[in-house]
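The values are calculated or read from the model by the stated rules, or taken from the named source; none is laboratory data. Treat the numbers as computed from the prediction; the structure is a model and nothing was measured. Ideal geometry is used to build each Cβ from the backbone, glycine not excepted, and the neighbour counts take in all protein chains shown. Accessible surface areas use protein heavy atoms only, side chains included; no ligands, DNA or RNA. Shrake-Rupley method; radii C 1.70, N 1.55, O 1.52, S 1.80 Å.
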Amino acid sequence: MIRPPAIAGHDPHPMHGRVILVTGGAQGIGRGIAQAVLGAGGSVMIGDLDAEAGQACLAEWRERERAAFGRLDVAREASVKRWIASALKRFGRIDGLVNNAGIVNPHAAPVTELSLARWNDYLATNLTGAFLCSKYALPALSEHQGAIVNIASTRALQSEPDSEAYAASKGGLVAFTHALAVSAGPRVRVNAILPGWIATNAWQKPSARKAPKLSRQDHAQHPAGRVGTPEDIGAMAIYLLSSASGFVTGQHIVMDGGMTVKMQYV
């Protein structure tokens, strides 16, 4: 008898029994992904430079058994090693890693004025951080046929002026994704999500939280009819972390409401 294919949506708890690590997980897209993991039945370890935001997450989630926070600077190897070790000590396993931490502002400075130090800051946080976290999580991930999801950006594919450092770091992350997928397979799958415009104002720590100010035009310029939300990225992350995507690796998936396929004429 031919069996129908399994559909992820039929399992209300696709993360049950799984432990997922999310860098930059205390605010914005990272928080959306972490909450999606909890909602799908999994446990989550978030890492972030902002301890206030991290503790606020734990207080609001009220999931002390399935959620933990550790201060993390992804650009520093010693910090990454400590964070990975603390996750293993707390939960005993790692099934997924989401490399989300990054410098958010894409506009650094005109390239003729951009300092080498600032350039290196973008690369260290947005790209080297993903390398370090992947390096130290891979042994544990390999034990459980885990998955890595890198959060890149549509700016890896298209640009505005004065965003060279950000674009280079995110483009490098896309290349790192397909290279690592080949090296880490078949035990570990590696994919990337490229978000477009995602409204994160309401997903900050309480002291910085506010409702997004979005106009009708902001939404209308997206073929999907609206600006994206952290829940959108969280839903895709759950798919890529789950067994439902077992034949998907080395891919970069654009989530921008159709903006990158829309021809722009003035």
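Scoring ILE103 on the criteria (1) of a type in the set (Val, Ile, Thr); (2) open to solvent by 30 Å² or more (accessible area, probe 1.4 Å); (3) in a helix (DSSP H, G or I) leaves a single failure, condition (3). In a residue-by-residue description of the stretch 177-190, the property of being among the hydroxyl-bearing types (Ser, Thr, Tyr) and modelled with pLDDT of 95 or more applies to at least one position. MET263 meets each of the listed conditions (1) open to solvent by 40 Å² or more (accessible area, probe 1.4 Å); (2) among the aliphatic types (A, V, I, L, M); (3) touching a residue at least 12 places away in the same chain (Cβ under 8 Å) apart from (3). Pairs linking a residue in the stretch 154-183 that is at negative phi to a residue that is buried (at least 18 other Cβ atoms within 10 Å of the Cβ) and hydroxyl-bearing (Ser, Thr, Tyr), with Cβ atoms under 7 Å and 6 or more positions apart or on different chains, are ARG155/SER163; ARG155/TYR166; ALA165/TYR122; TYR166/TYR122; SER169/TYR122; LYS170/SER153; LEU180/SER134; ALA181/THR249. Remark: pairs (first residue in the stretch 215-237, on the phi < 0 side of the Ramachandran plot; second residue part of a loop (DSSP other than H, G, I, E, B) and β-branched (Val, Ile, Thr); Cβ separation under 6 Å; 6+ apart in sequence or on different chains) = ASP218/VAL227; HIS219/VAL227.
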